Structures are given as C-alpha cells and as structure tokens.
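Comments concern the structure below.
Derivation of every value follows stated rules applied to the coordinates shown; laboratory data play no part. Please read all numbers here as calculations on a predicted model, not as lab measurements. Neighbour counts are summed over all protein chains in view; Cβ atoms, including those assigned to glycine, are modelled from backbone coordinates with ideal geometry.
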Amino acid sequence: MRDESRGFQFSEKAGSYFRVVILLTGLASAAIAGAVSEGSRAGSLSDAFRAAVSASLPSLGKLKPWQQQLFDAEVLPFAESFVREYRPKDSGYQVDVDEGMIRNYLSFFAPAALSKESPRFQVQVEAGPGCGFCSRALPALKRTLDMRLSSRGMKPFVSSSAPSGATSAKAEPDGLVSFRILKPARLTESDDAHAEDRKVVLKFQLSAGSIHEERQLEFAETDSVEESARKLLLEAFTGIGSRVLAAQALDSQKNQPQVSAEVLLKVSGVRDYFILSQLKSQVQLAVTGLQPVVERQLSKGSCILVLKTKFSPAELKAKLQGLALDQGKLTMGEVLVSDSEITLEGQIL
C-alpha cells in the first residue's frame, strides 16, 4: 500500500510537471507568434509609408533629373521621414504625406543656386577634443557627407596645407561645409557611466553666396552615426530648400505686373470669434492697400485668412510681425511655398 501510494503521488507530480511544461510551451508559442505578428505589422507599415510617398510623386509636378535621383535615393528609402501622421484602418494604414517637406527637400541644387557648374565646396570634418567616440565616427561622417553633397551637384574637397601666399583666386572654394562632432558642454561624470546615457553633438554648417545654414543634433553613442548624420542633413537641406522656393516666388512676383497676389495667412492661437474679428481688423490696418480680409478656413484654435496685396511675402511677414492684439501678439513663422499658393504661418502668443 505504501509503495502504491508513493507511486500514485509520483504520478500526480509528474502530471502537474507536464501540464506546467505544456502551459509554458503554449505561452512561448503565443509570444513567438505575437513577435512575428508585430514584425509583420512593422513591415507592412514601412511598406505603407513607401507606397504613400511614391503615390505623392505626381503632385510634386515634373521633376528635373537631379530631383528624380534625389527622390529615388534619399526620399523613398527613408519614407518615414516624410510622413506627417498615420492611423490604422480596416485594411492597412491611412498615411498623411508631408508633400511640402518633400518639395522643400528637392529644391536645393548647388549649380542652379550658385549659377555655376560643379561648384567646389571645401569640406571640414572634425572631432572635438577628448572624445574617442567622435574620432572613430569621422570616417562614417565623411562618407555620408560626401554622398549627400555630390547628389546636390557639389564637388567636395578637403583643403590641404599650402605655403603662405601660394593660394590663388582659382583655388578659392565656391562654398564651405563643416561637420563637427563633440561632447556636449553639459557632460557630467554620470553621463559617462552608461553607453546609452553618453551623448554627442553633431554640428553642420553650410555657407555659399547668400545661403547660410546651421543645424545641430544630439544623439546617444549607441545610435547609428550614419542615421544621425542623415537626419541632420535632412533638416538642413529642407530648410535651405524652403528659402530657395521663397526666393524663387519673390523673383517671380517682381517680374510680373504689379497686381494683387493672393497670400494665405495661417494663424494658430485663435481661441474665439472675438480674437478672429480683432485679428482681421488689425491685419487690415497694418497692410496698406490690402483688399478686405476674408476667411478661407476656420478650425478649432486656428484660422486661414486670404490676403490680396501687392506686397511680397517677406514684406507682409515684416508688417505683421508683432501685431498687437488684446490677448497677445502675432508672432510670424515660416513662409511655405508650393506650386499653387504661398502661406505665411503665424501664432498668437
């Protein structure tokens, strides 16, 4: 009897053990299936971004060959950078592409901007003192920068030391570009304790003629150097392209007969109808000869007004900057230019 009891007890324990093993196996399988599902979802989201960005191509208008090359090599492979927002739907995703950002990114080409074929740009890529990671990152930064500059018609070269007085006008560069990677000024010992906490700052500067752009990006040492450089150059060339388009629009207006042009004023911080009414009247008073201001669009907290005037977007922006209202001042932002309209952005603060 004792032996049978022990045998029975052993069977119960064994059964419980196998039930636990089966249960854990089931949970592991579910986890693996979930991981595969999440991976598939991420893949489908990436595909949705690429499809949406690719579908935006016709709305960008006819692209020049260099613009098409930029779109294929630097926009489409990184489609997520040009997505404003997205949301799941029954089958796939609804993706809102920032076509204005794409248009700006594709608008700067050095030979066209400087009216010179294959302009020479002197390149400086430097690491800050006392930063081993920064020194090791230099080859990757040089490769990324050289590729991005060449795709925009620039001929990059690294300056070499020469005897004093040996330079000539022919050797003068058409522009300067610099990449500097260094430790942040606020670095502390605690920041240096873990790799994910160690930060570096990447600084970019481009100067050529009237074009001047400065940007910087802070990232962790565990992040990809190439990806961080790409993001910084994306911001820089998008900003330059925006100003190139604005300048082209201004030149186009100067060459046309002086007729009233339509400019949109998009203002956020419009909390109620009283502010809207006062904004319209103050804008009307601030711009001489302005046709009656009308609303194009009203939404919660913002409005779009139509301004018909002979003034250029830059002149309008200067006239409206700091416009006093009872509940704040109008602070002007970017000038956005597309093929069909010019928009001034502002905010009541």
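Brief remarks follow.
- The ranking of Y86, Y273 from fewest to most other beta carbons within 10 Å of each one's beta carbon is Y273, Y86.
- Taken along the Cα-to-beta-carbon direction at a fixed 7 Å, the label points for S299 and E99 span 1.6 nm.
- Within straight-line cross-link reach of K89, lysines at Cα separation under 25 Å, skipping those fewer than 8 residues along the same chain: K300
- Fewest-first sequence of V158, V83 by Cβ atoms within 10 Å of each Cβ: V158, V83
- Projecting the Cα atoms of Q94, Y105, V75 onto the dipole axis of the range 72-123, where Lys and Arg carry +1 and Asp and Glu carry -1 at the beta carbon, places Y105 farthest toward the positive end.
- Across the cross-link table entries K155/K317; K231/K310; K231/K319; K64/K142, which are compared at the Cα atoms, the separations over 32 Å belong to K155/K317; K231/K310; K231/K319.
- Shape analysis of the range 230-336 places it in the oblate category; the axes a ≥ b ≥ c from the Cα gyration tensor give an a/c of at least 1.5, with a/b not above b/c.
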